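S.K.: To start, I am sharing the structure in question, which I have written as structure tokens.
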Amino acid sequence: MTSCYFAYGSNMNPARMRARGLNFVSAESAVLLGFRLVFNKQSHCKPSVAYANVRPASKCRVEGVLYTLANAADLDLMDHFEGTPVRYSRECFQVVTSTGPRATWIYVANPAFINNRLLPESSYLMHLLAGRDFLSVEYLQMLSDHHCVLSEPIPGEQGLLRNA
């Protein structure tokens, strides 16, 4: 099975991946077609805030980062950080890259942890924005404009987000 992982949430930040000890040999732009990015996965540490999730939506797309992991064992470490199999399930999907379609692992929130009345924290959104080198200008603007709950700012990143 593939050792590729499609990040659409905070792991779009390559520095976050490295800080978690996740080794990757490459990172490239990718798109998940037929899905929409939503912030409806309830945080287990802060139940009043949301993390990223994807849900089916025709004519929509989710942009993100396709990482080729250094080895398949890194998937076990990814499972730990994503709370798999309890909070997220790891599923195989197809994404589109500049070189064509690729099979990859994607984490999808389990229904028991979905809460559509929450917003992400500003510091969480900053991790998504850190993937700017892999995202379109329009997608970056959508992320920047997303309403959020203010959290402690990340140095040098103030003023990029709209609060609730």
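The values are calculated or read from the model by the stated rules, or taken from the named source; none is laboratory data. Since the model is a prediction, treat every value here as computed from it, not as a measurement. When we count neighbours, we look across all protein chains shown, and the Cβ atoms used for this are built from the backbone with ideal geometry, even at glycine.
S.K.: Within the bounds of the stretch 52-70, is there any residue that is in a loop (DSSP other than H, G, I, E, B) and over 12 Å from the mean Cα position of the chain (by Cα)?
M.R.: Yes, the stretch 52-70 has at least one match.
S.K.: For the stretch 80-118, enumerate the residues that are closer than 18 Å to S3 by Cα, in contact with a Pro (Cβ under 9 Å, 6 or more places away or on another chain) and either aliphatic (A, V, I, L, M) or surrounded by 16 or more Cβ atoms within 10 Å (Cβ to Cβ) (or both).
M.R.: If the condition is that a residue be closer than 18 Å to S3 by Cα, in contact with a Pro (Cβ under 9 Å, 6 or more places away or on another chain) and either aliphatic (A, V, I, L, M) or surrounded by 16 or more Cβ atoms within 10 Å (Cβ to Cβ) (or both), then V95 is the only one that fits.
S.K.: Taking the condition closer than 21 Å to R16 by Cα and either buried (at least 18 other Cβ atoms within 10 Å of the Cβ) or among the charged types (D, E, K, R) (or both), does L143 pass?
M.R.: Criteria met by L143.
S.K.: Another question, if that's okay. For the stretch 1-16, how many residues meet the condition of being closer than 14 Å to H80 by Cα and at pLDDT below 95?
M.R.: Going through the stretch 1-16 one residue at a time, the tally reaches 0.
S.K.: Are any residues in the stretch 71-93 of a type outside the set (A, V, I, L, M) and part of a helix (DSSP H, G or I), and if so, which ones?
M.R.: D74, D76, D79, H80, F81, E82 - these are the residues of the stretch 71-93 that are of a type outside the set (A, V, I, L, M) and part of a helix (DSSP H, G or I).
One line per residue, one yes/no per condition, for (1) surrounded by 17 or more Cβ atoms within 10 Å (Cβ to Cβ); (2) in contact with a Gly (Cβ under 9 Å, 6 or more places away or on another chain); (3) part of a helix (DSSP H, G or I):
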| position | (1), (2), (3) |
| --- | --- |
| F6 | yes, yes, no |
| A15 | no, no, yes |
| G21 | no, no, no |
| V25 | no, no, no |
| S29 | yes, yes, no |
| L32 | yes, yes, no |
| F35 | yes, no, no |
| N40 | yes, no, no |
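S.K.: Quick check on the stretch 75-82. Is at least one of its residues at pLDDT 95 or above and of a type outside the set (D, E)?
M.R.: no
S.K.: What are the residues in the stretch 94-136 that are closer than 29 Å to N71 by Cβ and in a loop (DSSP other than H, G, I, E, B), if any?
M.R.: Matches in the stretch 94-136: S98, T99, N110, A130, G131, L135.
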